[in-house]
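Worksheet: one structure, shown below.
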């Protein structure tokens, strides 16, 4: 073989689901921000900002200082990975659209995979907001000017997602091209996940803005996306379950059986943000018990679908084949979001649910024992991201050997 031959990596056979690599890295940014959100005092605004973090570092004990440093490094590092992966995927997608494979994708069940693009865009916008809060001094003083810009960005992302979903409905569903037998997974829930991610971005101004008009617009837009996401997910889950009962679960798409886990976290945060805005601006009040029940409900749905999905993955030997074996599948990146989502949801459940209701004392023994579970999920997903990136973006040993000949 000529010297100019290049080793082939699994990532060289690109598909839209590689956008999930960017989404997973962005999710890990959120898990590190949760440390600051839950463990750093931030009086005067709903979220910690640079000044709160700097004050806590200056006056905190060595353990708190170490936590802040680790959180800042985690946010910075995985933000770089998130954006690097996003831009790489955008370039790959541009080239992919000129290939025959893209033509085959359109009009098939797999066309819904392109909604991974708005999903990734929405996640990266959220990552940008976290970077601003953590690293930009004085941001809170101008944040009201940023909310309209953020809503415009999310509005454009929502328009992209809806356009993609509309094309899918028109080409696949309306014309009877949907392959029911090939739908033996929850892959069709991905458009709902994309809509929910845009929706949770829209809900941020509802919780953080002091302008009632901005809050109202954010509430209405995020509610519309929440409803559309839930409706699409319900239909997709029912169709997927029916196909699996008839044909068995698709082995390579099996990680999508866990997609309800991140969907519940995103929708749960969306509802919490809305409730805060309704409480502050529209005299709609929710008790600590209501919040505990709400978060416990979302967490229970996650556990139900998580156990269901893991049972199928274990029965199929998915990890031995795609995570430690010779085979690779881009769908493996769908495993990152559920672990990240459980980590984030547990942080909310512990701090806003249990602590808020007075069932657990903040920073007590039970508090840290439960928080350790959340951090455990976070650490496991960091390892998984590193493993997947190594498997997908490193040349296969046999390909490298052939190229060296």
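The values are calculated or read from the model by the stated rules, or taken from the named source; none is laboratory data. Fair warning: this is a prediction, and the values are worked out from it, not measured in the lab. Here the Cβ positions follow ideal geometry from the backbone for every residue, glycine too, while neighbour counts run over all protein chains shown.
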Residue under evaluation residue 263, criteria (1) at pLDDT below 90; (2) under 18 Å from residue 154 (Cβ atoms), criterion not met: (1)
Matching residues in the range 16-48 - criterion: being assigned to a loop (DSSP other than H, G, I, E, B), in contact (Cβ under 8 Å) with a residue 60 or more places away in the chain and surrounded by 18 or more Cβ atoms within 10 Å (Cβ to Cβ): 47, 48
Verdict on residue 252 being outside any helix (DSSP H, G or I), closer than 22 Å to residue 331 by Cα and out of contact with any strand residue (DSSP E or B) (no Cβ under 8 Å at 6 or more places or on another chain): yes
Criterion: loosely packed, with under 14 Cβ neighbours inside 10 Å, out of contact with any helix residue (DSSP H, G or I) (no Cβ under 6 Å at 6 or more places or on another chain) and either in contact (Cβ under 8 Å) with a residue 60 or more places away in the chain or more than 30 Å from residue 45 (Cβ to Cβ) (or both) - qualifying residue of 110, 163: 163
Long-range neighbours under 8 Å by Cβ, at least six apart or interchain, first residue without any contact (Cβ under 8 Å) to a residue 60 or more places away in the chain within the range 283-298, second assigned to a helix (DSSP H, G or I) and surrounded by fewer than 15 Cβ atoms within 10 Å (Cβ to Cβ): 285/279; 286/279
Any hit, the range 83-92, residues being touching a residue at least 60 places away in the same chain (Cβ under 8 Å), within 30 Å of residue 174 (Cα to Cα) and in a helix (DSSP H, G or I): yes
The range 166-186, residues that are within 23 Å of the chain's Cα centre (by Cα), within 16 Å of residue 106 (Cβ to Cβ) and in contact (Cβ under 8 Å) with a residue 24 or more places away in the chain: 168
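Among the residues in the range 110-118, are any out of contact with any strand residue (DSSP E or B) (no Cβ under 6 Å at 6 or more places or on another chain), more than 22 Å from residue 242 (Cβ to Cβ) and outside any helix (DSSP H, G or I)? Reasoning before the result, please.
Pass one, the range 110-118, residues out of contact with any strand residue (DSSP E or B) (no Cβ under 6 Å at 6 or more places or on another chain): 110-118.
Retained after the next criterion (residues that are more than 22 Å from residue 242 (Cβ to Cβ)): 114, 116-118.
Those still in the list that are outside any helix (DSSP H, G or I) too: none.
So far as the range 110-118 goes, no, none of its residues is out of contact with any strand residue (DSSP E or B) (no Cβ under 6 Å at 6 or more places or on another chain), more than 22 Å from residue 242 (Cβ to Cβ) and outside any helix (DSSP H, G or I).
When you scan the range 53-79, how many residues do you find that are surrounded by fewer than 14 Cβ atoms within 10 Å (Cβ to Cβ) and part of a helix (DSSP H, G or I)?
Within the range 53-79, the subset surrounded by fewer than 14 Cβ atoms within 10 Å (Cβ to Cβ) is 54, 58-59, 61-63, 66, 69-70, 73.
Within this subset, residues satisfying the condition of being part of a helix (DSSP H, G or I) are 54, 58-59, 62-63, 66, 69-70, 73.
Qualifying residue count for the region: 9.
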Residue check for residue 120: in contact with a helix residue (DSSP H, G or I) (Cβ under 6 Å, 6 or more places away or on another chain) and either touching a residue at least 24 places away in the same chain (Cβ under 8 Å) or surrounded by 13 or more Cβ atoms within 10 Å (Cβ to Cβ) (or both): yes
All positions within the range 103-120 that are over 18 Å from residue 259 (Cα atoms) and at pLDDT 95 or above: none
Tabulated pairs, the range 385-404, first over 18 Å from residue 318 (Cα atoms), second part of a helix (DSSP H, G or I) and at pLDDT 50 or above, C-beta under 6 angstrom, 6+ apart or interchain: 393/11
